[in-house]
1. Kindly provide the helix-only [θ] at 222 nm of the chain, computed as the sum of -39,500 (n - 2.57) over DSSP H runs of four or more divided by all residues, to the nearest 500 deg cm²/dmol?
2. Quick one: accessible area per residue over the chain, 1.4 Å probe, rounded to a whole number of Å²?
3. Tell me, what is the 1.4 Å probe accessible area of Arg161, in Å² to the nearest 10?
4. Go through (i) 10; (ii) 32; (iii) 41 and flag the label whose value is the computed percent of Cα pairs over 39 Å apart for this structure.
5. Distances over 21 Å make up what percent of all Cα-Cα pairs in the stretch 90-174?
6. Within the stretch 75-143, list the GluC sites (Glu not before Pro) lying in a DSSP loop whose Cβ has at most 10 other Cβ atoms in a 10 Å radius.
7. Decide, for the stretch 204-280, between rounded, prolate and oblate: order the square roots of the alpha carbon gyration tensor eigenvalues as a ≥ b ≥ c, take rounded if a/c falls under 1.5, and otherwise choose prolate if a/b is larger than b/c, else oblate.
8. Sum up the charges of everything whose Cβ sits under 12 Å from the Cβ of Gly22, counting Lys and Arg as +1 and Asp and Glu as -1, but leave Gly22 out.
Amino acid sequence: MVYNFKVFKKASPNGKVNLYMGKRDFVDHVTGVEPIDGIVVLDDEYVRDRRKIFGQLVCSFRYGREEDEVMGLNFQKELYLASEQIYPAAEKSDREPTKLQERLLKKLGPNAFPFTFNIPASAPASVTLQQKASAEGEPCGVQYFVKIFQGESDTDRTHRRSTVALGIRKIQFAPSKQGAQPCTIVRKDFMLSPGELELEVTLDKQLYFHGEKIAANLCIRNNSNKVVKKIKAMVQQGVDVCLFQNGQYRNTITSMETVEGCPLQPGSSLQKTIYLVPTLYSVQNKQGIALDGQLKRQDTNLASTTLLSSPEQRDAFGIIVSYAVKVKLFLGALGGEVSAELP
């Protein structure tokens, strides 16, 4: 059997520590995450002197702008999710090498040593918050990287010349099955006014992929004495930065207003479908938009909805992303508005 592998390679500045990995995206299946596997190749000098080589899996969370770090302030936290001595191996591993590791071990010779790290299922997904085009430094968000270095212990201060770090991403894929079709009904009555205004909103499905059109089906029944003058529909992205007590906010990704079928007089009804297409292009200059974690020189998308195995996971260290479709009916200056929302 023939296996074709694409391999990512990165070397330390002194060229004595080399890291090989078969991929940089690791899928979170909610119940567990794909293991991170790779190979470290050492220079003959390091092997001969039995220099200690350590590997770490680091989750970095930047929650403030790099340019604002003055007077010793640091808006970045690093969490070490895994750490082990790769060479000389501290203990005999009973892990079977993966197909990639087997092939690289044969190809790269006796100075090649395998490693495997496991990401906890509760670890946050890779998410970046979009910054202004004029901003400098690292963007806010959650990033992961595999770090290999030479030192006396895994807590040793690393030396840049003998350290190699490669960025990776923890990503989630959409569920394979569609859920129940989202639907909501909002009824509003008015003080000193008989009857009520009813707004029913139904989405064509629950699950959408990047760039896909969302169809919001509206049914308005006006049994009040108010007049519906305008309809507005929008897709909103909810961002919950778990590190902050009040770190919740919303961004409108796309919206449209229409007066078609309006004014909707008392006693009338209206059925209408509004189409919305949320894309990164429409908000590419808007600060604070959550994006899928970026690797250098690669395009990205709007951040995917964060899938949680349980509600308690909302307290995790990271950023949780959600989306909602919101529909508003405008009834004029005195009538106010009626709104309905669907996740």
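The values are calculated or read from the model by the stated rules, or taken from the named source; none is laboratory data. Because the structure is predicted, anything quoted here is derived from the model rather than measured. Glycine also receives a Cβ, built like all others from the backbone with ideal geometry; neighbour counts cover every protein chain displayed. Remember, those area values only see protein heavy atoms, side chains included, never the ligands or the DNA or RNA. Shrake-Rupley method; radii C 1.70, N 1.55, O 1.52, S 1.80 Å.
1. On the way: 2 runs with 15 residues, N = 343.
Value at 222 nm, helices only, nearest 500: -1000 deg cm²/dmol.
2. Details: 19010 Å² over 343 residues.
Using a 1.4 Å probe on heavy atoms only, each residue of the chain averages 55 Å².
3. Probe radius 1.4 Å; accessible area of Arg161 about 140 Å².
4. The value matching this structure is (ii).
5. Values: 1974 of 3570 pairs.
The answer is 55 percent, as a whole percent.
6. On the way: sites: Glu78, Glu84, Glu91, Glu102, Glu136; in loops: Glu91, Glu136.
Here the GluC sites (Glu not before Pro) that fit, given the DSSP loop and packing criteria, are Glu91, Glu136.
7. Details: a/c = 2.87, a/b = 1.79, b/c = 1.60.
The shape class here is prolate.
8. Numbers: positive: Lys6, Lys9, Lys23, Arg24, Lys99, Arg103; negative: Asp25, Glu34, Asp37, Glu102.
Taking every other residue near Gly22 into account, the sum is +2.
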